[in-house]
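Here is the structure we will look at.
The values are calculated or read from the model by the stated rules, or taken from the named source; none is laboratory data. Given the structure is predicted, the values throughout are model-derived calculations rather than measurements. For neighbour counting, all protein chains shown are included, and Cβ atoms are generated from backbone atoms with ideal geometry for every residue, glycine included. The area values use the complete protein model at the heavy-atom level, side chains included, leaving out ligands, DNA and RNA. Shrake-Rupley method; radii C 1.70, N 1.55, O 1.52, S 1.80 Å.
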Amino acid sequence: MIKKYKKYINNSLIYIFSTILAKAIPFFLLPVFTAYLSKEDYGTLGLIASIFGIASIYVGLRPSLFLIVKSPQMSKENTANYIFNIFIVSFYLLFIVTIVLLVLKYILFDEIATYVFVLITLLAFFTVFNEVLETIFQIEQKAIYYSVFQILKTVFSVGLALLFIIVFKMGWQGKYFADILVIFGFALFAVYYLYKNNYINPKVDINKQKETIKYLFPLTFHVLGLTMMGSIDRIFLSNMVGLDATGVYTVAYTMGALIGIVHDALLKVWSPEFYKRIKDATLQTRIKILKFQYLYIIGSILMYSAFLLVMPFVFDLMVDEKFHNGYKVIPIVALGLTFEALRKLFIGYHYNLGKNNRIAVITISAGLINAGLNYLLIPIYGMMGAAYATLFAYIVVFIFTIIDLNKIENINWRLKYD
């Protein structure tokens, strides 16, 4: 039994290690960055990161899900042609998003130089190539390749940023330019690897481009909804309570999000396997899938319990005393992200049936609920209000997903074969 699942276990451990390590390196170097960058520098980087987060949704339309869902259903040559046409679509969108951002720059962000907005869209464009290669590694279950690629990007980005900031005194531009150069370099490698391994079939196909846009565009609203649930609480906190509370909350949220990192690593292994098995699945196969999902729910409960036991010691060790009053936020955030992991576990049925519009409606609704609850609860409960709003939003989106799943798919919840 163990031998049967040895590959999946090993891949899960590799994904967990690389994901945590990639996120840990910038975290441990935070004292260095704060010593050389001013508050204004961090403010500028934060604003740029927010704009990039939105721009990256619409430049390329986040193609990884499309490839994970569709590639098991078609030949490698056909997948390669889709990848080429995804790059073509991203090139079109690069110009459209750049024009939109430049218009918004002169309306809302006059203090930021024009070239920054051009570089934001270029960074988003280069990110598409990196994302496609990472997705191919995931589909092929090459966990080590995926991990090395992720870790090297982080190491080069942080190393170059330290060089630009400390040696060349470039301020926030040093961090930003380092990210662009590294992502561009890795994008070139991605094109080389994909072409060498026959994952680029250079044939323009308008129908494939239309299919890609039709499939992915509704999901951009889904991503926007998730962005609202994952970041809007800090916007409300900074405006309604102050930056001190926002800083404490952000540190606590980061610690609580560690459980989400583990879930994301596990689901990276499960997702390609799910889409491969669900295609033309028999009743017996569907019941096996559901049994695994039940086991995952039990494992998630155990993981959350262990997280609560270990986190007080980790928090005391890693976080300065002045942030300790934020600890009470961690269990709430971690529980919310556990519900989000369970949503991701079941949302694959929607993707498999192409019900992307329904996903977008659910997520946007939860994002709006989250925004409303933040507005109502933060003045009363402060940072705890933000945590409660986040937890409630993740529970709502999970419940809505399960309810909608019962409408579109005949799920045999009782595991009956008759």
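Taking 30 Å as the straight-line reach from the Cα of Lys322, the lysines in range (excluding those fewer than 8 positions away in the same chain) are Lys23, Lys39, Lys169, Lys175.
Ligands, DNA and RNA left out, the accessible area of the chain computed with a 1.4 Å probe is 69% carbon and sulfur.
Paramagnetic label reach from Ser365 (point 7 Å along Cα→Cβ; backbone nitrogen cut-off under 12 Å): within region 380-403, residues 396-403. With helices as the sole contributors, the chain gives -28500 deg cm²/dmol at 222 nm; each DSSP H run of n ≥ 4 counts as -39500 (n - 2.57), and the sum is divided by every residue. Here region 319-418 has an Rg and Dmax of 16.8, 60 Å, counting Cα atoms alone.
Applied to region 63-68, the Karplus parametrisation 6.51 cos²θ - 1.76 cosθ + 1.60 on θ = phi - 60° returns per-residue 3J(HN,Hα) values of x, 4, 5, 4, 5, 5 Hz, with x for Gly and Pro. When the alpha carbon coordinates of region 74-131 are projected onto the principal axes, the ranges are 49, 17, 12 Å, largest first. Along the axis of the charge dipole computed for the chain (Cβ charges of +1 for Lys and Arg, -1 for Asp and Glu, origin at the Cα centre), the listed residues Gly225, Tyr199, Tyr176 are led at the positive end by Tyr199.
Across all directions, the average projected area of the convex hull around the alpha carbons of region 259-304 is 3.1 nm².
Accessible surface area normalised per residue over the chain is 49 Å², counting heavy atoms of protein chains with a 1.4 Å rolling probe.
If you take every residue apart from Leu163 with its C-beta less than 12 Å away from the C-beta of Leu163, what net charge results, scoring Lys and Arg +1 and Asp and Glu -1? Combined, the nearby Lys, Arg, Asp and Glu give +2.
How high is the FRET efficiency from Arg277 to Val204, r the C-beta distance, R0 41 Å, rounded to 0.05? So, using R0 = 41 Å, E works out to roughly 0.80.
The Cα trace of the chain gives Rg and Dmax of 21.7, 71 Å, the first to one decimal, the second as a whole number. Taking label points 7 Å from Cα along the Cα-to-Cβ direction, Lys169 and Leu317 give a separation of 4.0 nm.
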